[in-house]
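Structure first, commentary second.
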Amino acid sequence: MREIRDNDPKTPVSYFSLVFRRGERVQEITLSDWIVLTVIEIFFGAEILEQLIITSAYNEGKIEKVGHFLHVSNLVPAGLFTNLLRKRLYQVLYYKYFKQYLFLQPESDFDEAELVQEDGSLLLNRVRFGMRHELLYQTIAFRRAYILVWICVNLVLDLLVLATADIQAAIVSAVSIEAVRRVLKL
């Protein structure tokens, strides 16, 4: 059997570092805000990716390789916990998926300064975003980064419980962590 080669360079980006490190385009937010957004992304990122993938199938008959243009409110999947954290999820979509990962493309160019309100908030109700088709292949790697974080959290907590208690407590903690992860999808 012959060896199969592809001389094109591999994607040089580390998805894990993209999730956790602030890029140049998002330096305006503080490190503490970045950490909060990253934690929320770890909890809900896989669902947001799934929503983006689903909406990317609709193209509104345009030549552009962009999914269905929607407001950020429509890009957050409905659910008990997503509704509780909806405003933070809007921030995750804007700062991480639009500015950091470049997954989202606005329907038309906009000036962020014009959308800033008197209280400092950013009003995006006139801006719609669509998933860029040329970046769809990256969603699997991002989903793997989220899963890896959950595995690491589960493993570290299980080892801590096992070191301080017994095997039954470690099993209960592992099941509890997985239950929390699944309940967050409600």
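The values are calculated or read from the model by the stated rules, or taken from the named source; none is laboratory data. Please read these numbers as outputs of a predicted model, since none were measured by experiment. All Cβ positions, glycine included, derive from the backbone under ideal geometry; neighbour counts span all protein chains shown. Protein only, heavy atoms only, side chains kept; ligands, DNA and RNA dropped before computing areas. Shrake-Rupley method; radii C 1.70, N 1.55, O 1.52, S 1.80 Å.
The table below lists the values:
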item	result
Residues of region 123-158 that turn out to be open to solvent by 30 Å² or more (accessible area, probe 1.4 Å), outside any helix (DSSP H, G or I) and touching a residue at least 24 places away in the same chain (Cβ under 8 Å), as a count	3
Output for region 102-115, where each listed residue is touching a Leu at 6+ places or on another chain (Cβ under 6 Å) and outside any helix (DSSP H, G or I)	F103
Residue match in region 49-68 (condition: farther than 17 Å from S121 by Cα, open to solvent by less than 40 Å² (accessible area, probe 1.4 Å) and at pLDDT 90 or above)	yes
Residue in region 96-119 that is in contact with a Ser or Thr (Cβ under 7 Å, 6 or more places away or on another chain), open to solvent by 50 Å² or more (accessible area, probe 1.4 Å) and farther than 20 Å from F16 by Cβ present	no
Some residue of region 76-85 being open to solvent by less than 50 Å² (accessible area, probe 1.4 Å), closer than 21 Å to V26 by Cβ and of a type outside the set (G, A, S)	yes
Scan of region 159-176 for residues that are closer than 20 Å to V39 by Cα and either touching a His at 6+ places or on another chain (Cβ under 8 Å) or surrounded by fewer than 15 Cβ atoms within 10 Å (Cβ to Cβ) (or both), ordered by number	S176
Residues of region 70-101 satisfying the condition of being assigned to a loop (DSSP other than H, G, I, E, B), in contact (Cβ under 8 Å) with a residue 60 or more places away in the chain and of a type outside the set (G, A, S)	Y101
Residue within region 134-143 that is at pLDDT 85 or above and among the β-branched types (V, I, T) present	yes
